[in-house]
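The values are calculated or read from the model by the stated rules, or taken from the named source; none is laboratory data. Nothing here was measured: the structure is a model prediction, and the numbers come from that model. Cβ placement follows ideal geometry from the backbone for every residue including glycine, while neighbour counts extend to all protein chains displayed.
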């Protein structure tokens, strides 16, 4: 009987010890787990928090920008090729003229009389030549006389051609469709040979002439499109038609001519113009200047956050810019760019990032410029 009491007491004691050890160990484990979570939370709070935006590269056409002026396709000084008193002048100064229109004329004076005289002399010499040919058939005329008669005929024909050419030169006509910019003579003036009578402009097409820096000229080719912003506020599209093969000795720039259509005549030459000439299309990111940073070597770049929440620095090249920002190359196709707090973190440091999930969008492609 006493033995059973002892066994029961031992059993009860063992059970109590086992229960108490479970509570102790449980409390100890909970305490350790709580300490671990607290340490992790503390580490998280110690990391600097930055805001990032996910940016994807866009296909972006690049341009070379330059300022120049609008010029006529051709400027021609109409000069007198014979002398005499000005008989008539055109009443279309400042207006459009067509090819062949009369601009001015010079008095014929004695030219028609000289022509009639030469024509009569030619007829006489032709008759003499025929008569000598008939006599030669009967051996009554030497060959030398016949040759001299033929020479006289040819001389008269040449004299007539010269006087007819001189008469044709008394009329100054437009060599092409254009605008009669200036008449430099008045009716009654005496025109000298090679004297300027008028100035004619060809206004269609018009030419925009711009200088291009020597480091950029190799990026341009004939036929490239160009956007032209005129000083009047008008915007037109043109094509590159000429690139100078030699640089200007003073400025080291190359002259580039862009042809624009002016078939309706609404554009005028002499205006200033800003040209953007298309070069190539590249993958680029549109970045606000506020996001740029400098590394220890003074290079411009952008800070990003990688998949391990580590800060990365990418050196970038500014391809072109406008008032809203810059198109840059050098970033990965898709990048988590730090948009807030980049000045407080260094390359390689671990951060907490808050992605705004708001893709940055640049301006329209045509709006980008140098």
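Side notes on the structure shown:
- Residue in the stretch 215-237 that is under 19 Å from residue 74 (Cβ atoms) and either in contact with a helix residue (DSSP H, G or I) (Cβ under 8 Å, 6 or more places away or on another chain) or crowded, with 20+ Cβ neighbours inside 10 Å (or both) present: no
- Residues that are out of contact with any helix residue (DSSP H, G or I) (no Cβ under 9 Å at 6 or more places or on another chain) number at least 3 in the following strands (runs of 3 or more DSSP E) confined to the stretch 272-333: 272-287, 300-305, 311-315, 317-322, 325-329.
- Each residue in the stretch 74-96 was checked for being over 12 Å from residue 196 (Cα atoms), in a strand (DSSP E or B) and out of contact with any helix residue (DSSP H, G or I) (no Cβ under 9 Å at 6 or more places or on another chain), and 8 pass.
- Top-ranked residue in the stretch 297-312 [being under 37 Å from the mean Cα position of the chain (by Cα) and on the phi < 0 side of the Ramachandran plot; ranked as surrounded by the fewest Cβ atoms within 10 Å (Cβ to Cβ)]: 297
- Some residue of the stretch 29-47 being more than 30 Å from residue 165 (Cβ to Cβ) and at pLDDT 60 or above: yes
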